[in-house]
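**Student:** Structure provided below as structure tokens; questions to follow.
The values are calculated or read from the model by the stated rules, or taken from the named source; none is laboratory data. Please read all numbers here as calculations on a predicted model, not as lab measurements. Cβ: placed from backbone, ideal geometry, glycine included. Neighbour counts: every protein chain shown. Remember, those area values only see protein heavy atoms, side chains included, never the ligands or the DNA or RNA. Shrake-Rupley method; radii C 1.70, N 1.55, O 1.52, S 1.80 Å.
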Amino acid sequence: MAKGESGRSQSAHSTGGVWTPESGVSKAALREGAQEGGCEMSKQTEIGPASVPEAAKQAGEVRDRWSWTEPSVWTDRMLTALEKGVKGGKWFSLIDKVYQMDNLYTAFSKVKANKGSAGVDHQSIEMFEAKLEDNLLRLQEELEKGKYRPRAIRRVWIPKPGGKEKRPLGIPAVRDRVVQASLRNVLEPIFERDFAEQSFGFRPRRGCKDALRQVDALLKAGHTTVVDADLKAFFDSIPKDRLLKQIEEKVADGRVLDLIGKFLDQVVLDGLDRWTPERGTPQGAIISPLLANIYLDPLDHLMAKHGCRMVRYADDFVILSHSREEAEWALSLVQTWVTDNGLALHPDKTGIVDANEPGGFDFLGYHFERGRRWPRKKSLRKIKETIRAKTKRANGHSLSMIISNINRSLTGWFEYYKHSSTRTFTILDGWTRMRLRSILRARHGGRGQGRGYDHIRWPNAFFADKGLISLAAAHVTACQSAKR
């Protein structure tokens, strides 16, 4: 069995501490028993009747807490070692878990579920799957014998949401995505065990909504002076050597470390240009979000240690404070850490705002201001662009088909933004109906957008009868359900 993970205890902190500029440490963070962490997967649950042997109960509880892990890798014995920690605090002999065939099959299923295009070798997911066993056996052999070499990353440029600018996207070969998924299955639990509570991005059983709930709770508790921070070109700026040193604190398998190093040194192919980035994690790589969280974890723990109420999702984070003095001190602490670790804060996207004043701040697609929240401007532009593309006046589809197509977009969008203020939905409902009236107006020989008499010819009830969902009505229903 692989030797165990770090047994270091988690640092103490509390989000309810009293900050003092003299000490820079919250008083609550110094109280005995305060705990930094305690995410959902670390909470124990009661399993089984009293007649079940204690050892069996404990094994069942451990498995339940780590049910998201790959069972072919993380057996009950390994999970127990993960929780208890072992001598030396490092994991050895992990490479055989990476090339284990069951793990490779699971890794491919995840790659297939994520879809995606072919890499530089032009091999699609379908082509890889057509000879799946042969392809996985080849990968297993290359990994076992140390002959595996990742292929270059194909760079493409895609439009940024809500704008005309484009951002780079890296597309690794399918075979490399499979190896990375297998590697992540092995490494993720090792680091997830000690990740800080205030980190929500790209982690099991956590997501944007959890981060937003935390921000909302802190704002309601009076922490309305906000450090709105953004790390400039974060994924492209991570120093490779420092990242590897952090990984080495818990992983002692040289072949696994060598594999990670190969991914960090992957060549990027953009048209005829070919180069190896000196810094950063591989673009579009399955392993990159985990590597990013590993690199920022010391910052998470540092802020928690000093009682700063930070909520982070990948490279986007906010710090919520009681006063501007406290916020300025927290920002200086972040600035020092960032500079010392080879990163930089974006000067135009980092600042201190009062959430009770006009202006507010954006976080994870929402805009927070004066006790309310609604979709940020880019998010609204994006959904309007989606609907606009589906409601062109020359659309040859039936009205019912157009509405059905619109509903799919609106339903997914509403599920994320349903906690916005009511006005958001009434405005978007009206705008959507205007687009549909414009189609009908054109079909009846008219020009321009739907207006005036069109509201009488095709009232709101007309579109409701045709099946168009009402975001405003859905919002009322969601609010009523939340009160029950």
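**Student:** Pick from the stretch 191-213 the residues that are crowded, with 19+ Cβ neighbours inside 10 Å and assigned to a helix (DSSP H, G or I): which of them is nearest to the chain's Cα centre (by Cα)?
**Tutor:** Across the stretch 191-213, the extreme among qualifying residues is 211.
**Student:** Filter the stretch 157-190 for residues that are over 29 Å from residue 248 (Cβ atoms) and basic (Lys, Arg); which is least open to solvent (accessible area, probe 1.4 Å)?
**Tutor:** Only one residue tops the list, namely 160.
**Student:** Determine, yes or no, whether residue 304 is assigned to a helix (DSSP H, G or I), modelled with pLDDT of 95 or more and under 22 Å from the mean Cα position of the chain (by Cα).
**Tutor:** So residue 304 fits the description; yes.
**Student:** For residues that are touching a residue at least 40 places away in the same chain (Cβ under 8 Å) and of a type in the set (S, T, N, Q), scanning just the stretch 430-484, find the one that is surrounded by the fewest Cβ atoms within 10 Å (Cβ to Cβ).
**Tutor:** It comes out as 470.
**Student:** A further question follows. I need a count of the residues in the stretch 300-329 that are closer than 13 Å to residue 196 by Cβ, open to solvent by 40 Å² or more (accessible area, probe 1.4 Å) and touching a strand residue (DSSP E or B) at 6+ places or on another chain (Cβ under 7 Å).
**Tutor:** 0
**Student:** Tally up the residues in the stretch 81-114 that are open to solvent by 60 Å² or more (accessible area, probe 1.4 Å) and within 11 Å of residue 177 (Cβ to Cβ), please.
**Tutor:** Adding up the residues that qualify gives 3.
**Student:** Among the residues of the stretch 365-385, write down those that are under 20 Å from residue 434 (Cβ atoms) and free of Cβ contacts under 8 Å to residues at least 24 places away in the same chain.
**Tutor:** Once the filter is applied, which keeps residues that are under 20 Å from residue 434 (Cβ atoms) and free of Cβ contacts under 8 Å to residues at least 24 places away in the same chain, the stretch 365-385 yields nothing.
**Student:** Take the residues in the stretch 385-403 that are open to solvent by 30 Å² or more (accessible area, probe 1.4 Å) and of a type in the set (Ser, Thr, Tyr), then tell me which one is farthest from the chain's Cα centre (by Cα).
**Tutor:** Top of the filtered list is 398.
**Student:** Now, a different point. Checking the conditions here, which among 284, 261, 254 is closer than 27 Å to residue 99 by Cα, surrounded by fewer than 21 Cβ atoms within 10 Å (Cβ to Cβ), modelled with pLDDT under 95 and not aromatic (Phe, Trp, Tyr)? Break it down into steps so the answer makes sense when it comes.
**Tutor:** Numbers: 261 fails: modelled with pLDDT under 95; 254 fails: modelled with pLDDT under 95.
Only one candidate passes the filter, namely 284.
**Student:** How many residues are touching a helix residue (DSSP H, G or I) at 6+ places or on another chain (Cβ under 7 Å), small (Gly, Ala, Ser) and within 30 Å of residue 387 (Cβ to Cβ) if we restrict to the stretch 117-162?
**Tutor:** Selection size over the stretch 117-162: 1.
**Student:** Could you tell me whether the stretch 342-364 includes any residue that is in contact with a Gly (Cβ under 9 Å, 6 or more places away or on another chain), within 24 Å of residue 239 (Cα to Cα), touching a residue at least 24 places away in the same chain (Cβ under 8 Å) and open to solvent by 20 Å² or more (accessible area, probe 1.4 Å)?
**Tutor:** no
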